[in-house]
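This report concerns only the one structure given below.
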Amino acid sequence: MIAPLVLVLVVLGVAVAVLALADVARNREPGWGAVGTLALLEVGLLVQCVLGFVALSDTDRDVNGLTFSAYLVGTLLVPPAAFLWAVTERSRWGTAVVALGGLAVLALEGRLNQIWGG
């Protein structure tokens, strides 16, 4: 995987979590900062998904392709799911789900790196 991209995704995931937790503490819906960072995270994950599939097709590493592909696509689905949940649940718990979505991306990124590293 591309280390600088993973680092950017981790920073964006932390930023989403921090911004959303600040909104939770103020008992508010997710603010533009959290939603905008969530959108940037999704764009970064889309880039990672494309580059990940390209890297998987060109590698001679011993990588479980099905598991790696499932994590790439699964990671891509987390931010939209968190956003939709926050839009439908207009309370602090919807905002908390956005924070958990950012943290879930961190865990999935760690697992992707484990799978890629062997």
So, first residue closer than 17 Å to Ala3 by Cα in the range 43-69, second residue exposed (fewer than 14 other Cβ atoms within 10 Å of the Cβ), Cβ within less than 6 Å, six or more apart or across chains; the pairs are Leu56/Gly65
Checked the range 26-76 for anything of a type in the set (Val, Ile, Thr) and open to solvent by less than 30 Å² (accessible area, probe 1.4 Å); matches are Thr37, Val63, Thr75
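The values are calculated or read from the model by the stated rules, or taken from the named source; none is laboratory data. For clarity, every value in this text was computed on a predicted model and none was experimentally measured. All Cβ positions, even for glycine, are placed from backbone atoms using ideal geometry, and neighbour counts span all protein chains on display. When the accessible area is computed, the model is the full protein with side chains, heavy atoms only, and any ligands, DNA or RNA have been set aside. Shrake-Rupley method; radii C 1.70, N 1.55, O 1.52, S 1.80 Å.
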